[in-house]
Each structure stands twice: as C-alpha cells, then as structure tokens.
Amino acid sequence: MKVLFDTSVILAASLPKHPNHASCFIQLRAAKLSQVQGCLSTHSLAELYSVMTRLPSQPRMSPQEAKTLIESHLQYLEAIPLETVDYQAAIAQLTDLNLPGGGVFDALIAQAALKVSADRILTLNPSHFTRLNAAIAQITQVPGQN
C-alpha cells in the first residue's frame, strides 16, 4: 500500500508532546518498517521546516534540528517532486472550485498523491483534502480513524 503523508501527520509523529503523536507515530513507523510504502510531497519538506522552526515550544527547535529530523524521515519516505504541470493542475482545480489562498498547498500535496497513485493520504486536516474532489476524498484518512 502506498501512503502519502501530509505535513500535519509527519509533524505530529515527530513531536512527542503533540496531542495526535501516538496515532501519527504508529503510521509513520509502519513506513519506516516498510509495512507500507511511504511518501510525501516535496512541498512538505519546506512546510515541515517552516513549522518546526517556528513552533512556540521552549526551547524552540533550531534550524539544524529541523534539518536533521527532516533528513531522518527522508531515509524511508520517498519525496515526490512536483513539476510545473503539477502546479498548474492544482491551481486549475482550486480555480474551478473557487478556492482562494492557502488551499493551494493542500492541493499540491494532493497532486503529489495523484501523481504516484497513492492508496491513501494521511492527514490531520481531512476537510482540506476532501473538498478538492471525489478521488482525493476517497483516499483521505485521519490516523487512528477508519
């Protein structure tokens, strides 16, 4: 089974104090143990770095710590690169749905899932994905929920 991990799940799995840590960690560990084929959008690499280095935790995660953590995830998660045509498809989809703003980032992650024919998108923000189209809604799942 090919599973694309949304940034929200990777982040929660990486932070033991996150309220969704346990359910997300179990899913990410399945990828690490090759029980599922795990992947993430290349967009999520930048998003992870951004969020990890600005979380209001004490002490705040340093850029080096964030980089190290992201690199450790890349040992077992395949990064799915997006090309101009993928960005155009995501923007066209949002335009058709009349969705402005930050939704483009979720559309890019969904585009990566479509690009690799993922069986599942794991996210803590299902409504960000289910609104995009029926195909994405069908494969969107929240860790710990069936």
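None of the figures in this text is laboratory data; all of them are computed from the coordinates on show. These numbers were taken from a predicted model, which means no experiment stands behind them. Don't worry about glycine lacking a Cβ; one is built from the backbone with ideal geometry, like all the others, and counts go over all protein chains shown.
Each 10 Å bin from zero up to the one holding the largest Cα-Cα distance in the chain carries the following percent of pairs: 12, 43, 35, 10, 0. When peptides 74-85, 112-123, 91-102, 44-55 are sorted by average Cβ neighbour count within 10 Å, with the highest value leading, the order is 112-123, 44-55, 74-85, 91-102. The length gained on full extension between GLN64 and ALA46, counted as 0.36 nm times the residue separation minus their Cα-Cα distance, comes to 5.1 nm. In a fully extended conformation the segment linking ASN98 and ALA137 would gain 12.3 nm over its present Cα-Cα distance, using 0.36 nm per residue. The calculated 222 nm mean residue ellipticity attributable to helices in the chain amounts to -16000 deg cm²/dmol, summing -39500 (n - 2.57) over DSSP H runs of n ≥ 4 and dividing by all residues. Site pair ASP119 and LYS2 shows an inter-label distance of 1.2 nm when each label is modelled 7 Å from Cα along Cα→Cβ. Near THR140, the amide H atoms lying under 5 Å from its own belong to ILE121; only residues 5 or more places off or on other chains count, and H is placed 1.01 Å from N.
Could you check the spin-label model distance between ARG29 and LEU74? Points 7 Å from the Cα along Cα→Cβ, value in nm. Modelled inter-label distance: 2.6 nm.
Peptide packing for 35-41, 125-131 was compared via the average number of neighbouring C-beta atoms within 10 Å per residue; ordered from the highest value, the list is 35-41, 125-131.
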